[in-house]
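Written out below as structure tokens is the structure these notes cover.
The values are calculated or read from the model by the stated rules, or taken from the named source; none is laboratory data. Predicted model, so just to flag it, every value in this text is computed and none were measured. With ideal geometry, Cβ positions are generated from the backbone for all residues, glycine too; neighbour counts draw on all protein chains shown. For the accessible areas, the whole protein counts, side chains as well, though only heavy atoms, and no ligand, DNA or RNA atoms are used. Shrake-Rupley method; radii C 1.70, N 1.55, O 1.52, S 1.80 Å.
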Amino acid sequence: MNKNIKFRTFGAMLDMSRNAVMKPKTVEKYIDIMASLGYNCLMLYTEDTYEVNNQPYFGHNRGRYSKGELKELDSYANSKGIELIPCIQTLAHLDAIFHWDTYADIRDCNDILLCDEEKTYKLIDDMFTSLDKCFTSRTVNIGMDEAHMLGRGKYYDKHGAQDRFDILLNHLNKVSKIAKKYNFELLMWGDMFFRLLENGAECYGENNDVPSRVKNMIPDNVNLVYWDYYSKEKSNYDKRIKDHSAIKDNVWFAGGLWTWSGFAPHNSFSIETTKAAFDSCFENGVKDVFITMWGDNGSECSKFAVLPSLYYASELAKGNNDFDSIKQG
């Protein structure tokens, strides 16, 4: 890793799940760029776009990475000093697999898996079996974000009304046990703990006091990721880092380089939000940081279009706050 980088983990995440799966050679090109800028981590966000044992419909007719391709990418990333981390989904954002009737039995509602169902955990075990063979990293981002209707579909029909914190925590603990079989540490987007307080409406409302029983039930191999791509005010990041830290130590932060608002990037907004976020991360002792490049609605915008923001973020991570000198390169 570039010793000038002030973070322990400094990475980026490429969205490979919106009908725009990068060819492996293109990913290698991105790895080269990241390594030259001092990044040491790349996450590949794959909802169903990776080969999974016993799951022939994963990525069927829409593109996916084979296990062989993932192994090659992992080896290439390691050769460049980049840790390749799988970023998957084990609760929501799985609408693509529900196009196939074979998954009907494990669908709660919308894009959400049915919790407390044996077949669900067989699928998740298959996911981890594949990841174990393809990645040398022992870290996996398991997603679990934005499951707004958790417990309100087939789960409700089977179990009636249940405390949704309990549904989430029971599911998380089962996923955690599966991951431990393969010696994986887990990252989890942290928003659901706050969404449940707001009845799913907003990620962060006025009431961010998560019940102590929830904090005590989060498995020891799970770390929370606070994601925020929207605020230009450092004070907002300060508050939400503290909110997440009150639930679990060693919070990670995920910012955003805007590739999801149409065909054109939004570099200027990305730069403003990244500056505020990184200032807060430094002040609040956040050691692990990565930047997302989502592809909502079809990945119309090239991930290479935000290279100015990717470079700017790397300079901030080295402690360079002089915007004029960064512009000069």
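Once neighbouring chains are kept in place and the probe is 1.4 Å, which whole percent of the accessible area of the chain is contributed by carbon and sulfur? Exposed carbon and sulfur together represent 46 percent of the surface.
Using a cut-off of 14 Å between beta-carbons, work out the net charge of the residues near residue 128 (Lys and Arg +1, Asp and Glu -1, residue 128 not included). Net local charge, residue 128 excluded: +3. Seen from residue 228, the other residues with C-beta closer than 10 Å to its C-beta sum to a net charge of 0, counting Lys and Arg as +1 and Asp and Glu as -1. Considering the dipole of the chain built from charges on the beta carbon (Lys and Arg +1, Asp and Glu -1) around the Cα centre, which of 21, 262, 5 is farthest to its positive end? In the chain, that residue is 5.
Per-residue accessible area (protein heavy atoms, 1.4 Å probe) orders 189, 100 as 100, 189, starting from the largest.
The figure for residue 197 is an accessible area of roughly 40 square angstrom, using a 1.4 Å probe on the protein chains alone.
For the chain, the longest principal axis of the Cα atoms and the long axis of helix 307-317 meet at an angle of about 80 degrees. Accessible surface computed residue by residue for the stretch 222-329, with neighbouring protein chains in place and a 1.4 Å probe, gives 41 Å² per residue. Computed over neighbours whose Cβ is under 9 Å from that of residue 77, the net charge equals -2, Lys and Arg +1, Asp and Glu -1. In degrees, nearest 10, range 0 to 90: what is the angle between the Cα axis of helix 234-245 and the longest Cα principal axis of the chain? Rounded to the nearest ten degrees, it is 40.
When 220, 296 are compared by accessible area of protein heavy atoms, the largest-first order is 220, 296, using a 1.4 Å probe.
Annotated for the stretch 166-270: lysine pairs at least 8 residues apart or interchain, Cα distance under 18 Å, count 8. Quickly estimate the mean residue ellipticity at 222 nm for the chain, helices only: each DSSP H run with n ≥ 4 gives -39500 (n - 2.57), and the total goes over all residues, rounded to 500. Using -39500 (n - 2.57) per qualifying helix, the result is -11500 deg cm²/dmol.
Largest mean-square fluctuation among 162, 55, 89, in a Gaussian network model of the chain whose springs join Cα atoms under 10 Å apart, belongs to 162. Using C-alpha pairs under 8 Å with a sequence gap of at least 6, the mean separation divided by the residue count of the chain gives a relative contact order of 18 percent. Taking the Cα centre of the stretch 237-329 as reference, the dipole from Cβ charges on Lys and Arg (+1) and Asp and Glu (-1) amounts to some 140 debye.
The value for the chain of Rg(Cα) / (2.2 N^0.38 Å) is 0.96.
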